Amino acid sequence: MSFKELKLYWFSDLYRYEETMKVSMWKVFYRRFMIAGFHYMFWVRLCKYLSQKGKFMFPIYMISMFLLQRYKYKYGISISPGTKIGKGFYIGHFGDINVSSLSEIGDNCVIMQGVTIGASGRGEKRGAPIIGNFVYMGPGAKIIGKIKIGNNVIIGANAVVTNDIPDNGVAVGIPAKVISLKGSDGYIGFPFPIETYMEKLGIKQTNHQSDKIVTDKVLT
């Protein structure tokens, strides 16, 4: 990950709260003190970036990881820098949020308080969830094991998901069952316009589960 790519992740996350493309590095640093969810993800993104920079940046990486641990306990959010998370990630309310480092989360997803995205340690579903784009995870939802959550999905409050959910599925209950295919429209808020932004900057995007972005022009 280059610093230009890091900025893109910061900008896309902040857009979800600010609802404007007028984002600068000054605004990123200022607003991280005002919004708990963005503040935490600021350090998650930075630690991921620094972890790939070798021995020269190791002291700064260790300091950043120390600060991330501090905010982990302050906000009650546990998301590892090793977790693959797409652009435009929105934490609606902080507290008791746990995400496995083995899981993958797509673009423009929403995670609310009390959500667990966890790995299963045995059986056919040993592993962690892969979550698509535009997914809303309601308060208290539990998503466990090697399962796939499609695009435009709603996971209802306190639902326990242990099976795949198709695109546009609305899943509720314990265990969770799909009750409709109305999708997540109206629950995502203000999604980051990835394609428009990429086209404007001349950036070619790869699959959302990859952290690699091919940059043809310099981000400003």
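Consider residue 8 carefully, then state whether it is farther than 28 Å from residue 156 by Cα, modelled with pLDDT of 90 or more and assigned to a helix (DSSP H, G or I). Criteria not met by residue 8. Within region 165-179, can one find any residue that is closer than 21 Å to residue 97 by Cβ and polar (S, T, N, Q)? There is no residue in region 165-179 that is closer than 21 Å to residue 97 by Cβ and polar (S, T, N, Q). Looking across region 122-131, the residues that are modelled with pLDDT of 95 or more and part of a loop (DSSP other than H, G, I, E, B) come down to 128, 129.
Kindly evaluate residue 25 against the criterion of being at pLDDT below 95 and over 27 Å from residue 186 (Cβ atoms). For residue 25, the condition - at pLDDT below 95 and over 27 Å from residue 186 (Cβ atoms) - is met. Tell me, please, whether a residue that is touching a strand residue (DSSP E or B) at 6+ places or on another chain (Cβ under 7 Å), over 22 Å from residue 140 (Cβ atoms), at pLDDT 85 or above and in a strand (DSSP E or B) can be found in region 66-77. The answer is no, given that none of the residues of region 66-77 is touching a strand residue (DSSP E or B) at 6+ places or on another chain (Cβ under 7 Å), over 22 Å from residue 140 (Cβ atoms), at pLDDT 85 or above and in a strand (DSSP E or B). Restricting attention to region 157-191, the residues that are part of a loop (DSSP other than H, G, I, E, B) and either buried (at least 19 other Cβ atoms within 10 Å of the Cβ) or in contact with a Phe, Trp or Tyr (Cβ under 6 Å, 6 or more places away or on another chain) (or both) add up to 8. Screening 148, 217, 182 for residues that are of a type in the set (D, E, K, R) and either modelled with pLDDT under 90 or within 18 Å of residue 13 (Cα to Cα) (or both) leaves exactly one candidate, 217. The residues on offer are 99, 44, and the sole one that is under 28 Å from residue 4 (Cα atoms), of a type in the set (Val, Ile, Thr) and touching a residue at least 40 places away in the same chain (Cβ under 8 Å) is 44.
With respect to the conditions (1) over 23 Å from residue 139 (Cβ atoms); (2) at pLDDT 95 or above, residue 82 falls short on a single one, namely (2). Scanning region 122-150 for residues that are within 21 Å of residue 183 (Cβ to Cβ), of a type in the set (A, V, I, L, M) and surrounded by fewer than 21 Cβ atoms within 10 Å (Cβ to Cβ) returns 130, 147.
The values are calculated or read from the model by the stated rules, or taken from the named source; none is laboratory data. Note that this is a predicted model, so its numbers are computed, not measured. Methodologically, a virtual Cβ is constructed for each residue, glycine included, from the backbone with ideal geometry; neighbour enumeration extends over all protein chains shown.
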